[in-house]
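Notes follow once the structure below has been shown.
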Amino acid sequence: MIDEPMRANLFDEARHSEEALVRGLRTGDEGSLGVLYDRYATSVYSLVYKIVGDHTEAEDVVQDVFVQAWQRAARYDPSRGSLIAWLLVIARSRALDCLRARRARPDRYGVIDGASDQDGAWAEPFQYTAVLAAEQAVELQAALTALPLLQRLALEMAYYEGLTHAEIAGRLEQPLGTVKARIRLGIVKLRAAILGNPP
Amino acid sequence: MTLQLEAHREWLEATTLLALGALEEPDRETAEVHVQHCQECQREMASLQRVLTGLGLIAPRQAPAPQLRERVVTAALASARSSKTSEKSFKRLTQSDSFAQSKLEKLPTSPLQAPVVRRTRTPMFGAAALLVLTLALGTYLTQAHVNHVEARLQEASTRTSAAERHAAEAQYAASQAQSVARVLAAPDVRHFGLIGLASSPTAFARALWSPSRGLVLSASNLPAPPSGHVYQVWLLTSQGPISAGLLSLTTTDEGSLIAQAPAGLPTPVGVAISLEAGGGATKPTGPLFLSTTSS
């Protein structure tokens with residue numbers, strides 16, 4: 001069991017380490033690029049693979065993510081959230097681009113290399129969010145598993161498959177309003193599990 | 001007040017979908033405009049982002065291949081050097097232009113020469129220098145662009161066969177997803193909860209069975225089957241266990257099965273999963289790992 005002072009110390013250490021890494025990235029220190037990869041590649045790859053479902057494509061997307069992170073390190077604002085949260089925003093965006101390009105005709109595959117229409121998401125106007133503690137991750141996973149099946153499916157289709165609410169409604173053969181409500185209910189329950197807010 | 005709360009509840013739903021990127025145009029733009037002017041929705045967006053990051057972090061762990069590290073680092077450093085080289089070259093050319101201009105300004109004028117000739121010669125030389133520099137810069141940029149396009153064409157050509165494979169995979173995945181959705185929406189669907197037995201006490205599974213649309217099953221916390229063995233799903237009926245198919249493992253401890261409902265199948269009273277040797281069996285012979293609790 002991790003008590004609050006211990007948790008604060010662990011987060012302080014993580015924050016200082018991350019600050020040094022960010023300084024290195026901004027100054028173009030090549031060693032920092034290696035540290036960035038070593039520290040976050042598995043998390044990034046896990047999410048990307050979950051979305052695209054193919055190792056070859058996942059590798060391409062992960063390469064894009066880290067190249068863009070290296071090129072745009074100056075844009076990262078630590079006051080808006082953690083480095084991993086920033087990377088995951090980029091990773092999800094690029095992975096969904098890849099997935100959407102795959103859904104289109106093969107002769108439009110080249111769209112992957114073009115500018116993503118999600119590029120705006122790389123400069124989120126809102127908090128990236130703080131890092132998720134290990135226990136919170138466990139609680140989130142348990143909460144996700146405990147969601148009613150349709151709420152869970154709707155939420156996973158939106159997050160991991162990048163479907164719009166209209167597309168989800170079509171897939172599940174449910175009314176649009178029902179899908180919106182299910183997604184909302186599901187995510188509020190997940191939030192309550194990790195933030196303790198009443199649903 | 002009630003109407004306001006109701007209206008804002010809809011905005012909160014829209015904010016949720018906006019955070020997920022699940023809104024289509026023009027709803028997305030409308031929601032973005034609203035959020036920019038609504039502090040409550042801005043706070044909502046910030047807290048939702050935390051959940052979404054959490055969803056990213058709890059994706060099943062997949063370690064990338066070791067050789068990806070070098071590929072990524074090399075690509076990132078090369079991309080940075082490429083952009084710096086372009087900048088330096090452009091700066092060098094424009095600095096040369098400025099240097100030439102500064103030298104021109106220092107050329108001595110002779111009171112013996114016709115001022116008209118002097119005045120026209122200098123601008124012509126400057127214009128010629130500028131033209132040469134512009135052509136050189138244009139040539140460099142054109143060559144760089146050609147190189148860039150060639151590199152992209154090479155990448156595209158190597159991905160063509162992969163694209164065809166991906167299209168087939170995507171079609172299969174789409175048909176699987178459609179099958180799941182149909183079972184979920186079936187009016188005659190029954191739900192079965194399976195619990196782990198002695199061989200796997202922490203395992204659990206959910207099964208949805210529709211006589212008209214088939215079976216969808218999802219299992220978690222299963223131990224990895226030994227080499228040469230598979231998990232097989234059984235529908236328990238009055239006529240004995242009937243095989244529904246083999247569990248397809250999506251990760252090391254999770255599996256799923258989507259199966260059609262054969263005509264004339266007796267109504268299942270339960271579902272079980274056993275470990276079978278080889279490619280499966282006609283009846284359960286191996287140990288049972290999960291069995292239904294019924295719902």
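The values are calculated or read from the model by the stated rules, or taken from the named source; none is laboratory data. Note that the coordinates shown come from a computational prediction; the quantities given were computed from them, not determined experimentally. Here the Cβ is made from the backbone with ideal geometry for all residues, glycine too, and neighbour counts use every protein chain on show. Just so you know, the surface numbers come from the protein's heavy atoms only, side chains and all, with ligands and any DNA or RNA stripped out. Shrake-Rupley method; radii C 1.70, N 1.55, O 1.52, S 1.80 Å.
Numerical summary
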quantity: Matching residues, region A:30-66, being open to solvent by 20 Å² or more (accessible area, probe 1.4 Å), more than 14 Å from B:Gly56 (Cα to Cα) and in a helix (DSSP H, G or I); calculated: A:Glu30, A:Gly31, A:Val35, A:Asp38, A:Arg39, A:His55, A:Thr56, A:Glu59, A:Asp60, A:Gln63, A:Asp64
quantity: Every pair of residues 6+ apart whose Cβ atoms lie under 9 Å, when the first sits in region A:179-199 and is under 18 Å from B:Ala185 (Cβ atoms) while the second is modelled with pLDDT under 90 and open to solvent by 50 Å² or more (accessible area, probe 1.4 Å); calculated: A:Lys180/B:Glu10
quantity: Single condition A:Gly162 does not satisfy, out of (1) within 7 Å of chain B (Cβ to nearest Cβ); (2) at pLDDT 90 or above; (3) outside any loop (DSSP other than H, G, I, E, B); calculated: (3)
quantity: Members of region B:57-81 that are facing chain A (nearest Cβ under 7 Å) and open to solvent by 80 Å² or more (accessible area, probe 1.4 Å); calculated: B:Arg61, B:Arg69, B:Arg71
quantity: Residues located in region B:12-46, provided they are open to solvent by 80 Å² or more (accessible area, probe 1.4 Å) and assigned to a helix (DSSP H, G or I); calculated: B:Arg28, B:Glu29, B:Gln36, B:His37, B:Gln39, B:Glu40, B:Arg43
quantity: Extreme residue, nearest to B:Pro66 (Cα to Cα), among residues of region A:67-93 that are over 16 Å from the mean Cα position of the chain (by Cα) and open to solvent by less than 40 Å² (accessible area, probe 1.4 Å); calculated: A:Val67
quantity: From B:Thr292, B:Thr285, residue being over 37 Å from the mean Cα position of the chain (by Cα) and at pLDDT 80 or above; calculated: B:Thr285
